[in-house]
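The values are calculated or read from the model by the stated rules, or taken from the named source; none is laboratory data. Keep in mind that this is a model prediction, so the values were computed, not measured. No Cβ is skipped: glycine too gets one built from the backbone with ideal geometry, and neighbour counts run over all protein chains shown. When the accessible area is computed, the model is the full protein with side chains, heavy atoms only, and any ligands, DNA or RNA have been set aside. Shrake-Rupley method; radii C 1.70, N 1.55, O 1.52, S 1.80 Å.
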Amino acid sequence: MQEQEPQLPLYRRIAQSIHQDIVQRSLVAHTKISSEVDLARQFGVSHGTITKALESLVREGVLYRQRPQGTFVAEVADAPVSASVESSPAIEDKRVRETPSFAFHGHTAFVGIVIPHLGTDFLDGMVLGVESMTRSFGYGLSFAYSEDDEGLERYHIEQFLRQGVAGMIIYPCDHRVVECDDHYISTAEGQERIALLQTLQARQVPFVLMDRYVPEIDVSHVVSDDFTAGYASTQHLIKLGHQRIGFVSVSYQVTSSAGRYAGYLQCLRDHHLPLEPHLSLNALQHAYPSAHDHYSLVEPCCPEDTQRLITYLRHPQRPTAIVTMNDYLSVQVFYAAEQLSLSIPEDLALVCSGGSSRLTSMLRVPLTTIVQPVGEIGRQSAYILHNLISQRFSTIRQLKLPVSLLVRKSCGSAANSIVQTLPAPTER
């Protein structure tokens, strides 16, 4: 350990050494550092001392935690800032010792968040991440629900503008895209949203898109690594010996689902497996349950989608394993398979390429799933928005956060409840 100021407590001297190591090795944001067990062994101290050292670095914004995956290097701002929320990437100016409180004309500044709805741990986790971070920066937070309706989304954004919010975080309701020359473009249905976001840019209103983005708008956004999600889901099934692997999605794509499907296709190519048309079902109509009926999360979807799935699974060369676009579609595959007396995983292995861990653990056979860092998406979105408002950031920040694979029984693997942090494959 490098020589430190002797008057500092031991945990602080270890924290300084860890911070120096990050700087000297030029570790980029979101790099995972050594485990607490390995660090305790390296420094020859107790586990509790290491925990205290890491917690101090989290508070300073040098690191953030993402349980159960581990501890990662935080996004670094132009000047260090302190935050009160654990696992936040906030970095505070050393001259300021308390969380700043932002005020305009004598009132606390508010930021607005527009989301489709609450009631799923996927969206709830993002909102909690946003709320904890905005609170740490001294903002008020105004909520608005689009109910997956573009007109209502526009209404709320315009209301936030009239209220004079300091900035906005927007989870766009389904913004449809298509692939064109190895990149995505928006369909005609999305032109009004593009115009609205361009208006925000023209008015210099700070805003951040969350979980998905609009290709034509060059703006800060925070998303999961959806390509890796699709690739790793498929690769896991290939390692288990499957060669006829299907993909189940809806009849349209947003950037997140498009990325997962692209990862699935690339993985099949890399392993020289055929891209047979009957293996992909991209015709379902409902990607999510009703915003007003949360019990439908674990209920069959509309009869038309159920029939499409049954027809798909009756194909003579049906897939022996399936990757689904999200957790809700996995539930629908479960119900269709049961109607055909197909057992999971014996007759049909199943992996979800994006969604929540809570819903997928509620099924009779717990689902192997990609775990998205929903809380960190929210925290990073709020962190970027704060720095846009305070003009610490002068450039666009577009983050793609790492995902993990949670192995459970639905894939047929002998391992159960094993979490693997996934390295990103090369997109081609």
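Worth a mention:
- Of the strands (runs of 3 or more DSSP E) contained entirely in region 352-428, those carrying at least 3 residues that are of a type in the set (A, V, I, L, M, F, W, C) and modelled with pLDDT of 70 or more fall at 404-407.
- Taking region 121-171 as the range and being more than 19 Å from SER381 (Cα to Cα) and among the polar types (S, T, N, Q) as the test, the residues that pass are GLN159, GLN163.
- Given (1) modelled with pLDDT under 85; (2) buried (at least 21 other Cβ atoms within 10 Å of the Cβ), number of the condition LEU57 does not satisfy: (1)
- Of all the listed residues (ILE384, ILE396), the sole one being closer than 30 Å to ARG67 by Cα and surrounded by fewer than 21 Cβ atoms within 10 Å (Cβ to Cβ) is ILE396.
- Residues that are under 15 Å from GLU179 (Cβ atoms), touching a Lys or Arg at 6+ places or on another chain (Cβ under 6 Å) and in a helix (DSSP H, G or I), drawn from region 215-261: ASP226, GLY230, THR255, SER256
Residues are listed down the side, and each one gets a yes or a no for (1) over 25 Å from THR228 (Cβ atoms); (2) buried (at least 21 other Cβ atoms within 10 Å of the Cβ); (3) among the charged types (D, E, K, R):
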residue	(1), (2), (3)
CYS302	yes, no, no
ARG308	yes, no, yes
HIS315	yes, no, no
GLU338	yes, no, yes
GLY354	no, yes, no
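- Residue list for region 153-169, restricted to those being within 25 Å of the chain's Cα centre (by Cα) and open to solvent by 50 Å² or more (accessible area, probe 1.4 Å): ARG154
- Strands (runs of 3 or more DSSP E) lying entirely in region 153-194 (those with 2 or more residues that are within 28 Å of TYR139 (Cα to Cα)): 167-170
- Single residue of region 140-152 satisfying the filter (surrounded by fewer than 17 Cβ atoms within 10 Å (Cβ to Cβ) and among the hydrophobic types (A, V, I, L, M, F, W, C)) that is nearest to the chain's Cα centre (by Cα): PHE143
- Members of region 180-225 that are in contact with a strand residue (DSSP E or B) (Cβ under 8 Å, 6 or more places away or on another chain), among the acidic types (Asp, Glu) and either more than 26 Å from VAL111 (Cα to Cα) or open to solvent by less than 30 Å² (accessible area, probe 1.4 Å) (or both): ASP211, ASP225
- Yes/no for GLN204 being under 28 Å from ASN387 (Cα atoms) and in a loop (DSSP other than H, G, I, E, B): yes
- When region 242-262 is filtered for residues that are open to solvent by 10 Å² or more (accessible area, probe 1.4 Å) and hydrophobic (A, V, I, L, M, F, W, C), only ALA262 remains.
- Within region 32-46, tally of residues that are under 20 Å from LYS400 (Cβ atoms) and open to solvent by 40 Å² or more (accessible area, probe 1.4 Å): 1
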